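Visitor: Quick one: this structure, given as structure tokens, is what I'll be asking you about.
The values are calculated or read from the model by the stated rules, or taken from the named source; none is laboratory data. Remember, it's a predicted structure, so these values are computed and weren't measured experimentally. Here Cβ is always computed from backbone atoms with ideal geometry, including for glycine, and neighbour counts include all displayed protein chains. Heavy atoms of the whole protein, side chains included, go into the accessibility calculation; ligands, DNA and RNA do not. Shrake-Rupley method; radii C 1.70, N 1.55, O 1.52, S 1.80 Å.
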Amino acid sequence: MMTRVANPFLHTFHPDHDNLDRTKNPPVQLARGLESYDITAHITLALSPVGTDFDSLTQFGRSFQGAYNESITLVGIGGAPRTFNVAGTFVINRVSPIAVLTGP
């Protein structure tokens, strides 16, 4: 399981979305939900077993697939959480058999 650490509701490119009251000196942290939500996302990738057909046996190690599940929780004003669940499938294709890629 992975946890997403980025919050798309907080960013420094617009002063209305940084969750800071800039009328104070120094700026004061605002309560959650006034400018942005708290967000937590948990992602789970479950690999499917390798098939027994010709393509699966000959492509083993080059392509991985399985089930994708993500639980996204938003918390705003009042602290009441709202959770959204996303599910689907995924495919990961290996581009190179080289274990460690190095730059110039």
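Visitor: Is the stretch 40-54 home to any residue that is without any contact (Cβ under 8 Å) to a residue 24 or more places away in the chain, in contact with a helix residue (DSSP H, G or I) (Cβ under 6 Å, 6 or more places away or on another chain) and either open to solvent by less than 60 Å² (accessible area, probe 1.4 Å) or of a type in the set (Val, Ile, Thr) (or both)? Break it down stepwise before answering.
Guide: First, the residues of the stretch 40-54 that are without any contact (Cβ under 8 Å) to a residue 24 or more places away in the chain: 46-54.
Narrowing the set further to residues that are in contact with a helix residue (DSSP H, G or I) (Cβ under 6 Å, 6 or more places away or on another chain) leaves 50.
With the extra rule that they be either open to solvent by less than 60 Å² (accessible area, probe 1.4 Å) or of a type in the set (Val, Ile, Thr) (or both), the set shrinks to 50.
The answer is yes; a qualifying residue exists.
Visitor: Collect the residues in the stretch 46-88 that are in contact with a Gly (Cβ under 7 Å, 6 or more places away or on another chain), of a type outside the set (Phe, Trp, Tyr) and assigned to a strand (DSSP E or B), keeping them in residue-number order.
Guide: The answer is 46, 47.
Visitor: Oh, and also: Taking the stretch 55-90, which residues are open to solvent by less than 90 Å² (accessible area, probe 1.4 Å) and farther than 30 Å from residue 37 by Cα?
Guide: Across the stretch 55-90, the qualifying residues are 56, 58, 59, 61, 63, 64, 66.
Visitor: So, in the stretch 19-39, how many residues would count as being at pLDDT 70 or above, open to solvent by 50 Å² or more (accessible area, probe 1.4 Å) and not polar (S, T, N, Q)?
Guide: Residues that pass the stated criteria total 6.
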